[in-house]
Amino acid sequence: MRITDLKTNEYDPYYKRYIDKLSPTLNLREGFVVGKNSIITFFKHIPDDKLVYKYEVDKWTIKEILQHLIDTERIFMYRCFRIARNDKTSLAGFDQNMYIEPSGANNKSIDTLIEEYSIVRENSISLLTSITDDHLMFIGDANGGNMSARVAAFTIIGHEIWHMDIIKERYL
């Protein structure tokens, strides 16, 4: 299953910015494995003095961004799971900013955050392995718009690339 298989009716235009970050040849399941290694390597090589740096007062730290990636993966894989099971219940959105303070990300070590990320990613890989391609094409309602199960999963990978680009441009 590749990004080129997606149809525009499978997702709200908001998610196009993440989908567009992905290579047309990207295989969904392989992308989760490659993405895991890429994210872990990326965050392990960020200097310690940059981990709690903010480039503006109202922006997140790098540790908070990693926690945001973890939280977002949990939410989008939940969406993927529900939609792939053909659950037609409308899935609520979430306010990502409300999640940051209670996460305590800046009080966690980078190793703890990377371990949490790794565990969440392994769970995602396991789930994607258990879902057929046909079921990944099911479309549900997430945050008031269409979303297929596969778009929920692809979005996670594009979202990570989006944030790595921001970190490279504005933090490092």
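The values are calculated or read from the model by the stated rules, or taken from the named source; none is laboratory data. Predicted model, so just to flag it, every value in this text is computed and none were measured. Here Cβ is always computed from backbone atoms with ideal geometry, including for glycine, and neighbour counts include all displayed protein chains. The protein model used for the area step is the full one, side chains on, heavy atoms only, and it has no ligands, DNA or RNA in it. Shrake-Rupley method; radii C 1.70, N 1.55, O 1.52, S 1.80 Å.
Some points to look at:
- Within the stretch 1-39, being β-branched (Val, Ile, Thr), open to solvent by less than 30 Å² (accessible area, probe 1.4 Å) and more than 13 Å from the chain's Cα centre (by Cα) holds for one residue alone: Ile3.
- Residues in the stretch 96-117 that are closer than 30 Å to Asp133 by Cα and among the charged types (D, E, K, R): Glu115, Glu116.
- Phe94, sole failed condition from (1) modelled with pLDDT of 95 or more; (2) under 15 Å from the mean Cα position of the chain (by Cα); (3) over 22 Å from Leu22 (Cα atoms): (1)
- Boolean, Arg29 is touching a residue at least 60 places away in the same chain (Cβ under 8 Å) and of a type in the set (D, E, K, R): yes
- When residues of the stretch 48-64 are limited to those that are open to solvent by less than 70 Å² (accessible area, probe 1.4 Å) and touching a residue at least 60 places away in the same chain (Cβ under 8 Å), the one farthest from Leu113 (Cα to Cα): Tyr55
- Long-range neighbours under 9 Å by Cβ, at least six apart or interchain, first residue aliphatic (A, V, I, L, M) within the stretch 5-25, second in a loop (DSSP other than H, G, I, E, B): Ile19/Leu6
- Subset of the stretch 65-88 [out of contact with any Phe, Trp or Tyr (no Cβ under 7 Å at 6 or more places or on another chain) and open to solvent by 20 Å² or more (accessible area, probe 1.4 Å)]: Arg74, Tyr78, Phe81, Arg82, Arg85, Asp87, Lys88
- Subset tally (residues that are out of contact with any Ser or Thr (no Cβ under 8 Å at 6 or more places or on another chain) and under 26 Å from Phe154 (Cβ atoms)) for the stretch 36-58: 9
- Candidates Asp141, Asp87, Asp71, filtered to the one that is touching a residue at least 24 places away in the same chain (Cβ under 8 Å), closer than 22 Å to Asn37 by Cα and of a type in the set (Asp, Glu): Asp71
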